[in-house]
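Enquirer: Mind looking over this structure? Questions follow.
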Amino acid sequence: MRCVWCDSEYTFTGGERISFEDLFSKLEAFDCPLVEVTGGEPLAQKNVFPFIVELCDRGYEVLIETGGYVSTEGVDARAKIILDVKCPASGEAERNYWPNLERLRPNIDEVKFVVADINDFDFAKEIISRYELENRANEILISPVFGNDMRDLAEAVSQSGLRMRFNLQMHKFIWGANTRGV
């Protein structure tokens, strides 16, 4: 289906093609005022920016969970950013787009570090300090890689003295690490 509003097509979960208007009809049927735009890198999608604007215009609370390597500059200011900073063990740390950290808003946005080990946690602490994230982000989330022993990391977080939360990927505990669409 083609969206008259922006002359674009959208893929809904499961590969079904859907227009903006059909998508909004589905969203309205959920009767939920919160929409999170995520999956891969949503900001790399050609028409995500007008989609975010339309969500905000329609009164939704909008969360954008971004991988952190595409600029957040064009995101509607009404949307909340959840910015993922790639740590060294991910093999993607060089992809981080550092100016995104300077745009974080202290009462709105969150920054998330997915950490595999203590070295990643040390990297996270360095970035938190360098970019003054305790003052720049509403929340700092430390998310351990699923399946790793979390005890040492949990202890390090609790002993750090930094304003951060230990953030488990609950969906993986509930539905399993490889389940999609939950």
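Enquirer: Roughly how big is the chain's charge dipole about its Cα centre, with Cβ charges of +1 (Lys, Arg) and -1 (Asp, Glu), in debye to the nearest 20? Walk me through the numbers before you get to the answer.
Expert: Working: 20 positive and 31 negative charges, 16 e Å.
Dipole of the chain, to the nearest 20 debye: 80 debye.
Enquirer: For the chain, what number of Lys pairs, 8 or more residues apart or on separate chains, have alpha-carbon atoms under 23 Å from each other?
Expert: 11
Enquirer: Moving to a separate point now. Give the peptides 93-102, 171-180, 76-85, 158-167 in descending order of average Cβ contacts within 10 Å, highest first.
Expert: Working: 93-102: 14.7, 171-180: 10.4, 76-85: 19.2, 158-167: 13.0.
Packing proxy ranking, top to bottom: 76-85, 93-102, 158-167, 171-180.
Enquirer: Using only Cα positions of the chain, each an equal point scatterer, no hydration layer, compute I(q)/I(0) via Debye at q = 0.13, 0.14 Å⁻¹ and quote the log10 values to two decimals.
Expert: Each listed q maps to, in turn, -0.74, -0.84.
Enquirer: Under a crude label model (7 Å from the Cα following the beta-carbon direction), how far is Glu92 from Asn119 in nanometres?
Expert: According to this spin-label approximation, the distance is 1.9 nm.
Enquirer: Note the full-extension length gain between Trp175 and Leu27 as 0.36 nm times their separation in residues minus their Cα-Cα distance, in nm to one decimal.
Expert: Working: separation 148, 0.36 × 148 = 53.28 nm, distance 2.33 nm.
Once the chain is fully extended between Trp175 and Leu27, it gains 51.0 nm.
Enquirer: Give the long-range amide H neighbours of Leu141: residues separated by 5 or more places, or on another chain, with amide H under 5 Å away, using H modelled in the peptide plane at 1.01 Å from N.
Expert: The list, which skips near neighbours in sequence, is Val111, Lys112, Phe113, Arg165.
Enquirer: Same structure, new question: Taking the 0 to 90 degree range and rounding to the nearest ten, how far is the long axis of helix 48-57 tilted relative to the main principal axis of the chain, both from C-alpha atoms?
Expert: That works out to roughly 80 degrees.
Enquirer: Enter the angle in degrees (range 0 to 90, nearest 10) between the Cα long axis of helix 20-30 and the first principal axis of the Cα atoms of the chain, meaning the one along which they spread out most.
Expert: For 20-30 against the chain, the angle is about 70 degrees.
Enquirer: Would you order Cys87, Cys32, Cys56 from fewest to most other beta-carbon atoms within 10 Å of each residue's own beta-carbon? Let's see the in-between values first.
Expert: Numbers: Cys87 24, Cys32 10, Cys56 17.
Exposure proxy ranking, most exposed first: Cys32, Cys56, Cys87.
Enquirer: Among 136-142, 109-115, 34-40, what's the highest-first ranking by average C-beta atoms within 10 angstrom per residue? Don't skip to the answer; put the middle values down first.
Expert: Details: 136-142: 19.7, 109-115: 23.0, 34-40: 14.0.
Put in order of decreasing packing, that is 109-115, 136-142, 34-40.
Read-outs: derived from the displayed coordinates by stated rules, not from any lab. Given the structure is predicted, the values throughout are model-derived calculations rather than measurements. As a convention, Cβ positions derive from the backbone with ideal geometry for all residues, glycine included, and neighbour counts pool all protein chains shown.
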